[in-house]
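The block underneath contains the structure these notes are about, expressed in structure tokens.
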Amino acid sequence: MQFAELKELHDLPFFDLIQRSRAVHEENWPENEVQLCTLLSIKTGGCSEDCSYCAQSARYSTGVDAERLMEKCEIMERAKAARENGSTRFCMGAAWKGVRDGTKRFDQVLDIVRSVSELGMEVCTTLGELGEEEAIKLKEAGVTAYNHNVDTSPEHYTNIVSTHTFQDRLNTIRHAQNAGMSVCCGGILGLGETVDDRLKMLEVISEFNPQPESVPINSLVPIPGTPMAENSGVDNFDVVRTIALARIAVPKAKVRLSAGRTRMSDEMQALCFFAGANSIFYGDKLLTTSNPQSEADLALMEKLGLSPQQPNPSQCSPSAEADKPLEPALA
Ligand code: SAM
Ligand code: DTB
Ligand code: SF4
């Protein structure tokens, strides 16, 4: 969906916008279900990149220490516990610039993915940059979806990160899609961006061919020690608007209400579900920061008549549309 159209929708009165997104939601997701995903940081901290929001960058003193890659048996325990708890997607994150085929650590990750993928949950990984070969190997090992966010507009990206480019992010997404993995691609609100930056980010995300299978919408969790530590919080209605626009622009995606939920009331989260969110991170920890308790999430879903979505581990990645360009056109 092009910027101009997103802008027109964004500028609608709030209720008109969420009425539109609700209609798209009901057409594509009539089941009143929410996907529950568990996140695990399998390699925390010490990252070479300078993403100015991130607790795990080695450039900032955030109190998050660099750790080694977790042992497979420990990861398996956590994955089984997540499944027991009702999660249908297990997402493993590593604070790396990227992974390279032929290295010991990539082989270890492939081994971990092979084992986790036998548990019957969707397997998602987020390991930084991927080349073509790495993407193919991850797909073969059993990864269903690769998470790589564009995070903000191409223009604002240079204010947020200097150690890699927006185009680098697009290249990784292309490699993941070419290898047949679904792509999970979203962004963060609260990085000092303008409304237009948010709309340009959604334009890029919705112009991927095929469109992403999921779109995480994170609200910045300000991390002491990072350049974004003192950023002011995002207005709740702006979060809802962004969810609504993501729902309209990427109708078949899971729109994930991601980081930032600990600061949201039940009523705010209900509004997000109404506007088009149908996935959450579930379990009391994200990567390094906290997330609501599972009991609280289940209680809220119960109150709203929402139930956990069934897993789809054999999920096929969506195919590209033949008459559309593969890349979003960058200005
Ligand atoms: N290193 C990989 C990468 O950059 O793609 C994966 C991990 S990174 C932590 C995954 C995503 O988490 C980021 O792209 C960003 O959207 C989100 N994120 C990281 N720190 C955050 C924070 N403090 N608040 C909100 N979202 C955050
Ligand atoms: C995504 O978009 N959000 C998740 C997941 N993908 C990897 C990460 C959120 C991280 C929040 C900050 C932290 O816990 O360090
Ligand atoms: Fe954090 Fe990922 Fe950036 Fe590393 S690449 S600093 S883990 S967001």
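Here are the numbers for this structure:
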quantity	calculated
Among Arg105, Arg247, Arg114, residue whose mean-square fluctuation peaks in a GNM of the chain (springs only between Cα atoms under 10 Å)	Arg105
Sulfur and carbon atoms: percent of accessible area, the chain [1.4 Å]	49
Dipole of the chain, positive end: most advanced residue of Ile205, Gly225, Val24 [Cβ charges, Cα centre]	Gly225
Farthest positive-ward along the chain dipole, Cα basis, beta-carbon charges - from Val113, Gly192, Ile173	Val113
For the range 263-308, diffusion coefficient by Stokes-Einstein and Kirkwood Rh (Cα), 25 °C, 0.890 mPa s, µm²/s	221
Cα lying deepest toward the dipole's positive end in the range 28-133, options Ser48, Cys73, Gly63, charges on Cβ	Gly63
Tail fraction, Cα-Cα pairs, the range 3-301, threshold 24 Å, whole percent	49
From the C-alpha gyration tensor of the range 152-210, square roots of 5λ in Å	21, 13, 8
Pair-distance profile P(r), taking every C-alpha pair of the range 55-205, with 5 angstrom steps and integer %	2, 9, 17, 19, 19, 17, 11, 6, 1, 0
The range 3-301: antiparallel DSSP beta bridges as a percent of all, rounded to 5	5
Backbone HN-Hα couplings from phi across the range 86-103 [Karplus 6.51/-1.76/1.60, Hz, Gly and Pro as x]	x, 6, 10, 9, 10, 10, 10, x, 10, 7, 10, 5, x, 10, 10, 4, x, 8
Highest-MSF residue in the chain out of Phe273, Phe14, Phe90 [GNM, Cα springs under 10 Å]	Phe14
Rounded accessible area per residue of the chain, 1.4 Å, Å²	43
Dipole in debye (nearest 20) - the range 150-258, about Cα centre, beta carbon charges: Lys, Arg +1; Asp, Glu -1	460
Helix-only mean residue ellipticity at 222 nm for the chain, each DSSP H run of n ≥ 4 adding -39500 (n - 2.57), per residue, nearest 500	-11500 deg cm²/dmol
Inter-label distance, nm, simple model (7 Å from Cα along the C-beta direction), Phe15/Ser232	2.7
Long pairs among Lys252/Lys303; Lys80/Lys303; Lys72/Lys104; Lys43/Lys285; Lys254/Lys303, criterion Cα-Cα beyond 23 Å	Lys252/Lys303; Lys80/Lys303
Length-normalised contact order for the chain - Cα pairs under 8 Å, 6+ apart - percent	24
Pairs of alpha carbons in the range 211-319 whose separation is greater than 23 Å (percent)	31
Charged-residue dipole, Cβ positions (Lys, Arg, Asp, Glu), the chain about Cα centre, Debye nearest 20	540
Candidates Cys184, Cys124, Cys73: whichever shows maximal mean-square fluctuation once the chain is modelled as a Gaussian network with Cα springs under 10 Å	Cys73
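The values are calculated or read from the model by the stated rules, or taken from the named source; none is laboratory data. Everything numeric here is computed off the predicted structure, so don't read it as measured data. Quick reminder, even Gly has a Cβ in these numbers, built from the backbone with ideal geometry, and neighbours come from all protein chains shown. These accessible areas exclude ligands, DNA and RNA; they are computed on the full protein's heavy atoms, side chains included. Shrake-Rupley method; radii C 1.70, N 1.55, O 1.52, S 1.80 Å.
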